[in-house]
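As structure tokens, the structure follows; a few thoughts come after it.
The values are calculated or read from the model by the stated rules, or taken from the named source; none is laboratory data. Keep in mind that what you see is a predicted model, and the values were worked out from it rather than measured. As a convention, Cβ positions derive from the backbone with ideal geometry for all residues, glycine included, and neighbour counts pool all protein chains shown.
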């Protein structure tokens, strides 16, 4: 019998890294680009930690404070820089993908991120 995962945080984070670069190419302002680079670094850090401790499948190893910072940056992008992205739908999709990640992380770690 094979177990099917209903979630895959690693895959979500890897997709978000790609989406981060896509968003960088859809803005001309340096401030949101700086924020997106921070997002990329936080995701990269969490993926590195997960790779290092991949044997801990029952107790996921995630940097919760870093993910809270990621949520803060997400909010800044949506509130202060939403007009800088063209098309805006890319930012909305990115925001939705981040929220999916945060909800899955909250379920897995029993700690609220949002």
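Looking at 98, 107, can you tell me which residue is touching a residue at least 60 places away in the same chain (Cβ under 8 Å), more than 15 Å from residue 24 (Cα to Cα) and over 15 Å from the mean Cα position of the chain (by Cα)?
On the way: 98 fails: over 15 Å from the mean Cα position of the chain (by Cα).
Selected residue: 107, the only one of 98, 107 that is touching a residue at least 60 places away in the same chain (Cβ under 8 Å), more than 15 Å from residue 24 (Cα to Cα) and over 15 Å from the mean Cα position of the chain (by Cα).
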The stretch 98-114 - residue that is modelled with pLDDT under 80 and in a helix (DSSP H, G or I) and, of those, farthest from residue 10 (Cα to Cα): 109
Might you check whether a residue that is surrounded by fewer than 14 Cβ atoms within 10 Å (Cβ to Cβ) and assigned to a loop (DSSP other than H, G, I, E, B) occurs anywhere in the stretch 29-37? yes
Out of 82, 86, which single residue is modelled with pLDDT of 90 or more and over 23 Å from residue 114 (Cβ atoms)? 86
Going through the stretch 83-92 one residue at a time, which ones are part of a helix (DSSP H, G or I) and either surrounded by 14 or more Cβ atoms within 10 Å (Cβ to Cβ) or in contact with a helix residue (DSSP H, G or I) (Cβ under 6 Å, 6 or more places away or on another chain) (or both)? 84, 90, 91
Between residues in the stretch 9-21 that are farther than 19 Å from residue 91 by Cβ and residues that are part of a helix (DSSP H, G or I) and modelled with pLDDT under 95, which pairs lie under 8 Å by C-beta distance while being six or more apart or on different chains? 9/50; 9/101; 9/104; 9/105; 9/108; 10/47; 10/50; 14/47
